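Structure first, then comments.
The values are calculated or read from the model by the stated rules, or taken from the named source; none is laboratory data. Fair warning: this is a prediction, and the values are worked out from it, not measured in the lab. Heads up, the Cβs are rebuilt from the backbone with ideal geometry, glycines too, and the neighbour counts pull from every protein chain shown.
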Amino acid sequence: MKNTIIECKDVSFTYDHTDVLEHISLEVKEGEFWALIGPNGSGKSTLIKLILGLIKPSSGSIKLFGEEMSSFRQRERIGYVSQKSNAFNSGFPATVLEVVRSGLTRKTGLFKRFTKRDDQQAMEALKIVKMDPYHSRPIGELSGGQQQRVFIARALVGKPDLLIMDEPTVGIDQQNIASFYSMLQTLNREHGIAILLVTHEIDIVTDLASHVACLNRTIHFHGVQSDYKKMDDIDISNWYGHPVRRVHQSDREAER
């Protein structure tokens, strides 16, 4: 039986007298790949901040790996990748290896010197995302898609059990988005890392994810991918507040 690694129970969040999230209940278990979808302003990023412990819920409770948020200390078990454009200055004078290695500061502390073992661990993370040949390159010389792979390696270097990503394809050109998501599927299936992914790219991700949650201030649907695919586009459009038409992998292949 799989262990629960994220458990939200009746979570609500109010900001400046505005209800941002209402009565959110959601469970993510070991090895699952969740796509968290919804329109702009639906509260997706707020929910991620709550799960990461950056803000506190107005009501309800959140457990991580079976522990209440207030007592949870094993932050290295969670890797986090934010929107690249908001999180990183690509002109920063560091090599790819140095950027990935910096992800170990949770364990080593900010001022402890890195060891050869740390370098090996960073290279292992780069190999997972197929960026090890670029380890000595300045991070600013890479494309948007390559940089985002490096950021994922940075999140993976501490060998987390859960990877949380908030719109990770910002700055990645359209041609490389499919291969980027395919890499995430490999991380999930071959390395057993649970993934919680916030995205607007419904068509690609819901073909790859094992589970889907549709959020628009409250959870309108959460369950396995196959049940989501059975949902009527009209119902999903009502949740979104605007027309939505899903295109699945089989549809795209038929159009070729």
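Selection within segment 180-202: residues that are touching a helix residue (DSSP H, G or I) at 6+ places or on another chain (Cβ under 8 Å) and in a helix (DSSP H, G or I). The member of this set that is nearest to residue 236 (Cα to Cα) is 181. Scanning segment 1-49 for residues that are over 21 Å from residue 229 (Cα atoms) and among the charged types (D, E, K, R) yields a count of 9. When only residues in segment 75-115 that are at pLDDT below 90 and basic (Lys, Arg) count, which is nearest to residue 167 (Cα to Cα)? It comes out as 84. Restricting the first member to segment 50-69 and to residues that are closer than 17 Å to residue 164 by Cβ and in contact (Cβ under 8 Å) with a residue 24 or more places away in the chain, and the second to residues that are in a strand (DSSP E or B) and of a type in the set (Ser, Thr, Tyr), no beta-carbon pair is closer than 6 Å while six or more apart or on different chains.
Among residues of segment 234-250 being surrounded by 12 or more Cβ atoms within 10 Å (Cβ to Cβ) and farther than 28 Å from residue 10 by Cβ, the one that is modelled with the lowest pLDDT is 249. Among the residues of segment 189-205, those that are surrounded by fewer than 20 Cβ atoms within 10 Å (Cβ to Cβ) and either under 24 Å from residue 230 (Cα atoms) or of a type in the set (A, V, I, L, M) (or both) comprise 189, 200, 201, 203. Residues considered: 166, 161. Of these, the only one that is charged (D, E, K, R), out of contact with any Ser or Thr (no Cβ under 8 Å at 6 or more places or on another chain) and surrounded by 17 or more Cβ atoms within 10 Å (Cβ to Cβ) is 161.
Identify all residues within segment 203-228 that are in a helix (DSSP H, G or I) and either in contact with a helix residue (DSSP H, G or I) (Cβ under 7 Å, 6 or more places away or on another chain) or free of Cβ contacts under 8 Å to residues at least 12 places away in the same chain (or both); write none if there are none. Give the derivation first.
Initially, segment 203-228 is screened for residues in a helix (DSSP H, G or I), giving 203-208, 225-228.
Scanning segment 203-228 gives 204, 205, 206, 207, 208, 225, 226, 227, 228.
State all residues of segment 170-188 that are of a type in the set (S, T, N, Q) and surrounded by fewer than 19 Cβ atoms within 10 Å (Cβ to Cβ); if no residue qualifies, say none.
Step one: filter segment 170-188 for residues of a type in the set (S, T, N, Q), giving 174-176, 179, 182, 185-186, 188.
If the condition is that a residue be of a type in the set (S, T, N, Q) and surrounded by fewer than 19 Cβ atoms within 10 Å (Cβ to Cβ), then 174, 175, 176, 179, 182, 185, 186 are the ones that fit.
Say we look at segment 17-70 and pick out the residues that are among the aromatic types (Phe, Trp, Tyr) and within 13 Å of the chain's Cα centre (by Cα); which of these is surrounded by the fewest Cβ atoms within 10 Å (Cβ to Cβ)?
Taking segment 17-70 and keeping what is among the aromatic types (Phe, Trp, Tyr), we get 33-34, 65.
Remaining after also requiring within 13 Å of the chain's Cα centre (by Cα): 33-34.
Values: 33: 23, 34: 25.
My answer is 33.
Among 200, 135, 191, which is the only one that is within 17 Å of residue 28 (Cβ to Cβ) and of a type outside the set (A, V, I, L, M, F, W, C)? Being within 17 Å of residue 28 (Cβ to Cβ) and of a type outside the set (A, V, I, L, M, F, W, C) holds for just one of 200, 135, 191, which is 191.
Picking from residues in segment 113-137 that are surrounded by fewer than 18 Cβ atoms within 10 Å (Cβ to Cβ) and among the polar types (S, T, N, Q), the one that is farthest from residue 181 (Cα to Cα) is 115. Scanning segment 203-235 for residues that are more than 18 Å from residue 29 (Cα to Cα) and in contact with a Gly (Cβ under 9 Å, 6 or more places away or on another chain) turns up 215, 216, 217, 218, 220.
Checked against (1) touching a strand residue (DSSP E or B) at 6+ places or on another chain (Cβ under 9 Å); (2) modelled with pLDDT of 90 or more; (3) not in a helix (DSSP H, G or I), residue 130 meets all criteria but (1).
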